[in-house]
1. From the Cα trace of region 41-197, what convex hull volume per residue do you get, rounded to a whole Å³?
2. Within the set of other residues whose C-beta is less than 13 Å from the C-beta of residue 222, count the net charge using Lys and Arg as +1 and Asp and Glu as -1.
3. Using DSSP to define loop residues, name the trypsin sites (Lys or Arg not before Pro) in region 134-224 whose beta-carbon has at most 16 other beta-carbon atoms within 10 Å.
4. Provide the descending list of Cα extents for the chain along its principal axes, expressed in whole angstroms.
5. Whole Å is fine, so just give me how far the alpha carbon centre of region 80-111 lies from that of region 184-255.
6. For region 1-124, what is the convex hull volume of the alpha-carbon atoms per residue, in Å³?
7. May I ask for the net charge around residue 205, where only other residues with Cβ less than 14 Å from the Cβ of residue 205 are counted and Lys, Arg are +1 while Asp, Glu are -1?
8. When the Kirkwood hydrodynamic radius is evaluated over all pairs of different C-alpha atoms of region 90-129, what value in angstrom, to one decimal, is obtained?
Amino acid sequence: MPPVFRFAPSPNGYLHLGHAYSALLNFDLARRRGGRFLLRIEDIDPTRCRPEFEAAIYEDLAWLGIAWETPVRRQSEHFAAYRAALDELSALGLVYPAFESRAEIALLVAQRDAAGGWPRDPDGAPLYPGSAGALSPAARQRLIGEGAPYALRLDMAAACARAGALGWTELGEGPAGEHGEVAAHPLAWGDVILARRETPTSYHLSVVVDDALQGVTDVVRGQDLFHATGVHRLLQHLLGLPQPVYQHHRLIKDASGQKLSKSTAATGLRELRAGGVAAAEVRRLVEPI
């Protein structure tokens, strides 16, 4: 079977040079290895994703000379698949509703920081500090029946105990030079959110479901997602999904050494194109391979 690569942007802003690097890298690897290249639109957030950004993704990638298979998978059209995966995890007793608001969580973190510090995940965000996992089933149902907002979280300790030691094959390089067989550390993320009451999925859940359903064999993405692979390997194991190989690539950074964001107009592909920059010049700027 030929290898399958994918580029999966979110239509919550315009693409920049960092996206060009990742898209070209995936596209070129697929061509060199006689594989397939897929485009996936990760649009699960209706408050930030907009049609004009999605249209711009297609325009920018075509301008770069990238071609992809159709139809394009749009996550917003597949919530039922993510709900089915969430139901599987719930049936294993690994999911619970947490009812704290963002403000309440921030207050809990501040209190714990003042009392001696509270751990952060690999991205620097505080771990979930609440105690919703200890609520009785009756208390949970009462709150849900009252219409209380909630997020569905993974009981990380129970999930890791069920899965045991996990790892993945890294063909690229992690932030600290990790390569080859890498140990996964999902516990470092705490009880991650898998869905919210109004949205039956999250990035972590939808990405592993989509990669499996689309037959993705090689996940090639930025080093900023290296540590999140531990969560993805855990979910793949719990859901019985195939394990792709991973290749985390360097990040394109701005003059101050920061990762590019979609608000960085100076490196936006639309701005570069409007300024008369040729697609071939963009390719030389990012040098994917």
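None of the figures in this text is laboratory data; all of them are computed from the coordinates on show. Since the structure is predicted, the reported quantities are computational estimates derived from the model, not experimental observations. Ideal geometry is used to build each Cβ from the backbone, glycine not excepted, and the neighbour counts take in all protein chains shown.
1. Given the Cα convex hull of region 41-197, per-residue volume reads 192 Å³.
2. Residues close to residue 222 contribute a combined charge of +1.
3. Counting only loop positions with at most 16 other Cβ atoms within 10 Å, the trypsin sites (Lys or Arg not before Pro) in region 134-224 are 197.
4. 61, 40, 37
5. 17
6. 191
7. Result for the neighbourhood of residue 205: -3.
8. 11.5 Å is the Kirkwood radius here.
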